[in-house]
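Just below is one structure, and these are the notes that go with it.
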Amino acid sequence: MDLDFSAEDLAFRDEVRAFIAEAYDDDLRARMGQSKNGYIDREGQIRWLKRLNERGWIAPDWPVEYGGTGWSDAQKYIFNMETSLAGTPSTSNMGLKMCAPVIMAFGTPEQKQQHLPKILSSDVWWCQGYSEPGSGSDLASLSMKAVRDGDDYVLNGSKIWTTYAQWADWMFCLVRTNQEDRPQRGISFVLLDMKTPGITIRPLPTLDGPPQGEQEVNQVFFEDVRVPVANRIGEEGQGWTYAKYLLQFERGNAYAPGLTYALEKVKKFARLEPSDGGGRMIEDPDFRRKLADMQIKVDALNATELKVFNGRTTGEAMGPVSSMLKLEGSQAQQAISELALEAVGIYAQPFVEDTWAELRGERNEPRAGPDYAAPLAPSYFNYRKTSIYAGSNEIQHNIMAKMILGL
Ligand SMILES: Cc1cc2nc3c(=O)[nH]c(=O)nc-3n(C[C@H](O)[C@H](O)[C@H](O)COP(=O)(O)OP(=O)(O)OC[C@H]3O[C@@H](n4cnc5c(N)ncnc54)[C@H](O)[C@@H]3O)c2cc1C
């Protein structure tokens, strides 16, 4: 693998940088500077996604026939790294990177026609209805019923931990269409409009403090919700196969660009913050050792990701190696959020709500400490989620033991 960029790649990098300088406006930058999780509000997210779409760059991983960019591996890497290093909003929304590959692989021509263009244009926001109370790691035990009634399924039950359900226009959802068969075979995969009567969304408060005017996770209740059978993906009872296919995309992200950005921020803080022994944190031998240790981990993950993603056919699922990336990426995200707290110390205490009140013009007195300190504690608490969502660390270990090591 040749890791040197060609002249064309370097020209492409300049093109990406020029685009970011123009499209990533001051308001988005200010909001992202205070984000605890790489997301801002729905309007801000969509503003950024639409700018990417107008440039034709929203879906680098999609096949060209559906609106992908047709970029080389090097171009995708450059784009990922440049947008991450600029701190742009996360594009890993559930339509673009999770539901779309399933629709492309298993959907009907009508489903592709209905949903893929609106995912590209960000006119429809998707959420994921997999987990239920009592069915998280043991997802195959899910019990939300879908009973056939004419041309509809009638859904009753609830989904939990549904990220940004309050923003969502549509949900991709696992339901139980058969109670008799073994658990995996009774599951079907349906797409549903969140405005359908009978759906109630309740926010779940989380320990990362008052959010940016929006909660992140919810419980969604279904009471006699009618979903057309035509909204089912693939065959009835085969939902488990499609669900597992989707999870490879959910877990198989490139983590290194975001981690590189997060670690660079910690270094910046450490250059500014005083250490207990005099001087700056960046000069503290113990902290320097931790930074070096983390840099080695991020570089190693970067090299692994380059190897894994290199030469992969566009849109191709990657199999169990996605569990390894998810595990390593999650652990590094958490460790870097801890280093950020350590670098900034006492001023990392104020909650980010202070900042959002300020942006809304509801707060006049200055906050204690530097601006960059405000989101660090919420971010630290928020990132505890990474070792749970999309399958906990223990579950990723189990998958690797079975599928990679053959144990
Ligand atoms: C912030 C956040 C956002 C989320 N967003 C979504 C979403 O949008 N949509 C959605 O459907 N779900 C979402 N989830 C749910 C997530 O997928 C589940 O929380 C996760 O799968 C774990 O399930 P659980 O919470 O039921 O924990 P449990 O499955 O009850 O696990 C509890 C503990 O037991 C361990 N454990 C369980 N089984 C095993 C085993 N076989 N071997 C070893 N250890 C085991 C787990 O590792 C964990 O430590 C989200 C979760 C979080 C935290």
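The values are calculated or read from the model by the stated rules, or taken from the named source; none is laboratory data. Since the structure is predicted, the reported quantities are computational estimates derived from the model, not experimental observations. Here the Cβ is made from the backbone with ideal geometry for all residues, glycine too, and neighbour counts use every protein chain on show.
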Unique residue being away from the ligand (no atom under 16 Å from the Cβ), over 30 Å from residue 150 (Cβ atoms), surrounded by fewer than 19 Cβ atoms within 10 Å (Cβ to Cβ) and in contact (Cβ under 8 Å) with a residue 24 or more places away in the chain when the list is 204, 272
272
Just wondering, is there one or more residues in the range 141-157 that are over 25 Å from the mean Cα position of the chain (by Cα), among the polar types (S, T, N, Q) and under 11 Å from residue 226 (Cα atoms)?
yes
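Every residue, every condition in (1) closer than 16 Å to residue 239 by Cβ; (2) of a type in the set (A, V, I, L, M), yes or no:
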{"site": "87", "(1), (2)": "no, no"}
{"site": "93", "(1), (2)": "no, no"}
{"site": "99", "(1), (2)": "yes, no"}
{"site": "114", "(1), (2)": "no, no"}
{"site": "124", "(1), (2)": "no, yes"}
{"site": "132", "(1), (2)": "yes, no"}
{"site": "140", "(1), (2)": "yes, yes"}
{"site": "147", "(1), (2)": "yes, yes"}
Residue check for residue 86: under 30 Å from residue 299 (Cβ atoms) and loosely packed, with under 14 Cβ neighbours inside 10 Å
no
Which of the residues belonging to the range 223-243 are touching a strand residue (DSSP E or B) at 6+ places or on another chain (Cβ under 6 Å) and free of Cβ contacts under 8 Å to residues at least 12 places away in the same chain?
none
Given the conditions (1) more than 16 Å from the ligand (Cβ to nearest atom); (2) out of contact with any Leu (no Cβ under 6 Å at 6 or more places or on another chain); (3) in the same structural domain as residue 183 (by TED's automatic domain parsing), report the number of the one that residue 225 does not fulfil.
(2)
Please verify whether residue 391 is touching a residue at least 24 places away in the same chain (Cβ under 8 Å), crowded, with 20+ Cβ neighbours inside 10 Å, small (Gly, Ala, Ser) and at positive phi, treating the condition exactly as stated.
yes
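Here is a check on your reading of the model: is residue 164 within 15 Å of the ligand (Cβ to nearest atom), touching a residue at least 60 places away in the same chain (Cβ under 8 Å), closer than 22 Å to residue 237 by Cβ and not assigned by TED's automatic domain parsing to the domain that holds residue 393? Write out each step before concluding.
Numbers: within 15 Å of the ligand (Cβ to nearest atom): yes; touching a residue at least 60 places away in the same chain (Cβ under 8 Å): yes; closer than 22 Å to residue 237 by Cβ: no; not assigned by TED's automatic domain parsing to the domain that holds residue 393: yes.
Spelling it out, it is not the case that residue 164 is within 15 Å of the ligand (Cβ to nearest atom), touching a residue at least 60 places away in the same chain (Cβ under 8 Å), closer than 22 Å to residue 237 by Cβ and not assigned by TED's automatic domain parsing to the domain that holds residue 393.
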Here are the criteria: (1) away from the ligand (no atom under 12 Å from the Cβ); (2) within 16 Å of residue 235 (Cβ to Cβ). Tell me which single one residue 183 does not satisfy.
(2)
Considering each residue of the range 133-161, count those that are surrounded by 18 or more Cβ atoms within 10 Å (Cβ to Cβ) and near the ligand (Cβ under 8 Å from one of its atoms), and give that number.
6
The lone exception for residue 246 - which of (1) more than 18 Å from residue 183 (Cα to Cα); (2) modelled with pLDDT under 95; (3) outside the structural domain of residue 388 (by TED's automatic domain parsing); (4) out of contact with any strand residue (DSSP E or B) (no Cβ under 8 Å at 6 or more places or on another chain) it fails
(4)
Among helices (runs of 4 or more DSSP H) entirely inside the range 1-117, those with 2 or more residues being assigned by TED's automatic domain parsing to the domain that holds residue 361 and basic (Lys, Arg) are none
Can you give me the ranges of the helices (runs of 4 or more DSSP H) entirely in the range 294-401 with at least 3 residues that are modelled with pLDDT of 90 or more?
321-344, 376-382, 393-399
Of all residues making up the range 275-301, the number that are in contact with a Pro (Cβ under 8 Å, 6 or more places away or on another chain) and either surrounded by fewer than 19 Cβ atoms within 10 Å (Cβ to Cβ) or among the polar types (S, T, N, Q) (or both)
1
Within the range 92-123, of all residues that are of a type in the set (Val, Ile, Thr) and more than 16 Å from the ligand (Cβ to nearest atom), the one surrounded by the fewest Cβ atoms within 10 Å (Cβ to Cβ) is 108
Evaluate the range 56-65: report whether one residue or more is surrounded by fewer than 21 Cβ atoms within 10 Å (Cβ to Cβ), charged (D, E, K, R) and over 30 Å from residue 235 (Cβ atoms).
no
